[in-house]
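Everything on this sheet refers to the single structure shown next.
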Amino acid sequence: MNEAETRLQYEYMQKTKELVDQKSEQTGRRLLACVTTFGCQMNAKDSEKLAGILEKCGYELTEEEDKADFVIFNTCTIRDNANQKVYGRLGLLHHRKKGYPELKIALCGCMMQEMSVIEKIRKSYSFVDLIFGTHNIYKFAELLYRMHTEKDMVIDIWEGSNEIVEDLPALRKYPFKCGVNIMFGCNNFCTFCIVPYVRGREKSREPREIVREIEKLVEDGVVEVMLLGQNVNSYGKNFEEPISFAKLLERIEEIEGLERIRFMTSHPKDLSDELIEVMAKSKKICRHLHLPLQSGSDRILKAMNRRYTKKSFTDLALKIRKAIPDIAITTDIIVGFPGETKEDVDDTIDVIKQCAFDNAFTFIYSKRTGTPAAKMEQCDSEFVKEQFDRVLTCVQETAGKRVGKLTGMVDEVLVEEVNEKEKGFVTGRLSNNVMVHFPGDESMIGRIVKVKLTEAKGFYYFAEAVQ
Ligand code: 5AD
Ligand code: SF4
């Protein structure tokens, strides 16, 4: 842990606040900042850190981008459409900046770790004021200070870092649930995936730091935590005294007042029997496992460098279902990986049927420059669309059947929000992550309520509260 760095960043927050306060005074109102998040839960967590720092720097946070004096996009680059969205939104911001030159614009996150993106922004989006990447997000206060005091675009991208800086502020989106980083980066190098290049090598946070953070969150009213890592099953392997992910879960389970523990993502190749045992006997670990399959074909799995087979995956999924019968297993599937044939997709469909996933996120393969798969012979896009539809239909059928089996059961929901579409309803999640809507009001938010599941609607339920 680097306490000197934490102190330095707090000094920068103070210095930046003086500048922001001055501007607020000149403007006659507090300056507004908006953090826009693209991508996964890891980014959502990073955005809470950005918002915390912005607040300490004197900004008021807003969700209305078109009213903000400072806008930051926390970007994603997992698939090309994520990048396209950012460029589209930047175009809109440019238009606004022409009418309001005081507007400050910053970009950070995974997309900024790509050289080609930086070049493009320098050339075609020169109105951006600040760019930084995934490794130096803890320097945000310092970078903001530079943005306010330097004339030119501030660009600071690092290739990697071994640093984990603790105890920086965060502004949580929900009072009752929170993501907690347990590790950063990924060492797996699946051949389609850009994450290892933009998030760097795997590094785990110390267990005592994780437990300390969660204890503080619980004191603050949090009842559910989501432990975040690209591959949580390899947590703690690089410590001098290694500790398994299962052992970490046992330590977290002991925290009094914490009601629910979730985690993501698990790599099938590293999922241990120890973890299954700990989950099976746990009172707090949610009945949900996200276990990305990617493909059911041995040939494609090998080309993807996934290091498991169709059989070892299905054996694992069925073993988990046997040990924890009420568990929901969800997955990720990629269709159209280079060289994929109809027969390969048949294998994927076969695994979906055998494992009866409770839900599956199905993606069309997107070529990412710099990854090994980008250099392989790509599939025809019409063929891919057809195969994608086949997979999607199968997922909807199997998942619909599986989720539908819960009809009539009584279970607990953690209420998350008032339902915006259905008046007089609230929305929450079961332990198995299935979404539930039932009659209720704002006062229920953050509470765990017993409900009867009355009507299945595909992947979600309508329910009614029971005493
Ligand atoms: N194309 C399509 N989907 C991808 N994913 C990762 N890389 C790509 C890519 N290049 C998917 C995987 C992963 C999820 C987070 O995103 O299924 O599990
Ligand atoms: Fe990407 Fe594979 Fe790492 Fe997941 S495990 S982040 S798919 S490289």
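Annotations for the structure displayed:
- Share antiparallel - DSSP beta bridges, the chain, percent rounded to 5: 35
- Relative protection proxy for 366-375, 331-340, from highest mean packing down: 331-340, 366-375 (other beta-carbon atoms within 10 angstrom).
- If you take the Cα centroid of region 359-434 and the Cα centroid of region 141-164, the two points sit 37 Å apart.
- Gyration tensor (alpha-carbon) shape descriptor, region 226-298, a/c threshold 1.5: oblate
- Taking amide H as placed 1.01 Å from N in the peptide plane, the amide H of TYR365 sits under 5 Å from that of VAL335, GLY336, PHE337, each at least 5 places away or on another chain.
- Site pair LYS151 and GLU250 shows an inter-label distance of 6.3 nm when each label is modelled 7 Å from Cα along Cα→Cβ.
- With contacts taken as Cα pairs under 8 Å and at least 6 residues apart, the chain reaches a relative contact order of 10 percent.
- Ellipticity estimate at 222 nm from DSSP helix runs (n ≥ 4, -39,500 (n - 2.57)) divided over the chain, nearest 500: -12000 deg cm²/dmol
- Sparse-neighbour loop sites [chymotrypsin sites (Phe, Trp or Tyr not before Pro); region 137-181; at most 16 other C-beta within 10 Å; DSSP]: TRP158
- Residue ranges 237-244, 119-126, 5-12, 73-80 sort as 73-80, 5-12, 119-126, 237-244 when ordered by packing (mean number of other C-beta atoms within 10 Å per residue, highest first).
- For SER431, the residues whose amide H sits under 5 Å from its own are GLU412, ignoring neighbours fewer than 5 places away on the same chain, with H placed 1.01 Å from N.
- Overall, the accessible surface of the chain at a probe of 1.4 angstrom is composed of carbon and sulfur to the extent of 49 percent.
- 1.4 Å probe accessible area per residue over region 1-102, in Å²: 51
- Computed on region 153-247, with alpha-carbon pairs under 8 angstrom and 6+ residues apart, the relative contact order is 32 percent.
- Sparsely packed loop sites in region 276-324 (the trypsin sites (Lys or Arg not before Pro) outside DSSP H, G, I, E and B with at most 16 other Cβ atoms within 10 Å) comprise LYS283, ARG307.
- In region 87-165, Cα pairs under 8 Å separated by at least six residues give a relative contact order of 29 percent.
The values are calculated or read from the model by the stated rules, or taken from the named source; none is laboratory data. Values in this document were obtained by computation on a predicted structure and should not be read as measured data. Counting neighbours? That spans all protein chains shown, and the Cβs are built from the backbone with ideal geometry, glycine included. Protein only, heavy atoms only, side chains kept; ligands, DNA and RNA dropped before computing areas. Shrake-Rupley method; radii C 1.70, N 1.55, O 1.52, S 1.80 Å.
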